[in-house]
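See structure below.
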Amino acid sequence: MERILIIEDELSIAELERDYLELNQYEADIAGTGQEGLERLKEYAYRLVILDLMLPDMDGYEVCRKIREITEIPIIMVTAKNEDIDMIRGLGRGADDYMAKPFNPNQLIARVKAHIARFDRLVSRSQNKEEDIRIRDLLVHPVTRKVLVNSEEKTLTAKEFDLLLFMASSPNQVFSKEHLLEQVWGYDFFGDVTTVTVHIRRLREKIEKNPSEPEYIETVWGVGYRLKR
């Protein structure tokens, strides 16, 4: 049975999430603080994390960043806030999805299933692409999931790497935001194209000498993006 970690300090909400997960044949553990959640992640093999933004010991953004140092499994961030800046910050720290309270528990379950399925597809796809990809000074290692620019390793979130690998696998091809959302996040993803824009911007900040004048990830106005060979 697949195991989910809930990091949530409001016990009533955590127990509701756990009950719905168990009704859908998942095991679920509850951690009331960010530190407890991080310790559990080092001990157990979880398939996905449901992470509250407001925690008593550290905020969800910091927990999300630390989780990404441990594992690349999907993270669904849950918060009482419903602002674009919160979504952008969450996605920038490595979250895969963002839900604002109150939410329909059935929608949460749908997202859990979709993200686990998408993660499995991307892992399988990455394992089947073993050859390194070099585009000028950019080097992408599909197997080790490492990215180097001028021989300097860059730290990417799981989704940033997935997006870069997808585009680098077809250099010079123009992709619409909608197509990138479907291929990298999955057909069942519940977000919008803003997610793609945020990740493109953060990728540029990490791999470009000058993000405002990108050498690699080019915007094709009115169409989308391409990674220039």
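Values quoted throughout were computed directly from the atomic coordinates according to the rules given, and no laboratory measurement underlies them. This is a predicted model, so every value here is computed, not measured. For neighbour counting, all protein chains shown are included, and Cβ atoms are generated from backbone atoms with ideal geometry for every residue, glycine included.
Cα convex hull, region 134-192: 90 Å³ per residue, rounded to a whole number.
Between the helical axis of 34-43 and the longest alpha-carbon principal axis of the chain there is an angle of about 80 degrees. Here Lys66 is the anchor, and the lysines within straight C-alpha reach of less than 24 Å, apart from those fewer than 8 places off in the same chain, are Lys42, Lys81, Lys101, Lys113, Lys146, Lys154, Lys159, Lys206. Listed options for Cα Rg over 2.2 N^0.38 Å are [x] 1.28; [y] 1.02; [z] 1.13. The value calculated from this structure is the one marked [y]. Annotation note: chymotrypsin sites (Phe, Trp or Tyr not before Pro) in region 180-229 located in DSSP loop regions with a Cβ neighbour count of at most 12 within 10 Å are Tyr187, Trp221.
Over region 97-184, the Kirkwood radius and the radius of gyration, each from Cα atoms, give a ratio Rg/Rh of 1.05. Result for the chain in a Gaussian network model with C-alpha springs under 10 Å: among Pro102, Pro74, Pro142, the largest mean-square fluctuation is at Pro102. Calculated mean residue ellipticity, 222 nm, the chain: -13000 deg cm²/dmol, from DSSP H runs (n ≥ 4) at -39500 (n - 2.57) each, averaged per residue and rounded to 500. In plain terms, the chain from His179 to Met58 could stretch by 40.0 nm, reckoned as 0.36 nm per residue minus the Cα-Cα distance. Compared with the dominant Cα axis of the chain, that is its longest principal axis, helix 60-70 is turned about 70°. For region 1-118, a/c is less than 1.5, where a ≥ b ≥ c are the root eigenvalues of the C-alpha gyration tensor. That puts it in the rounded class.
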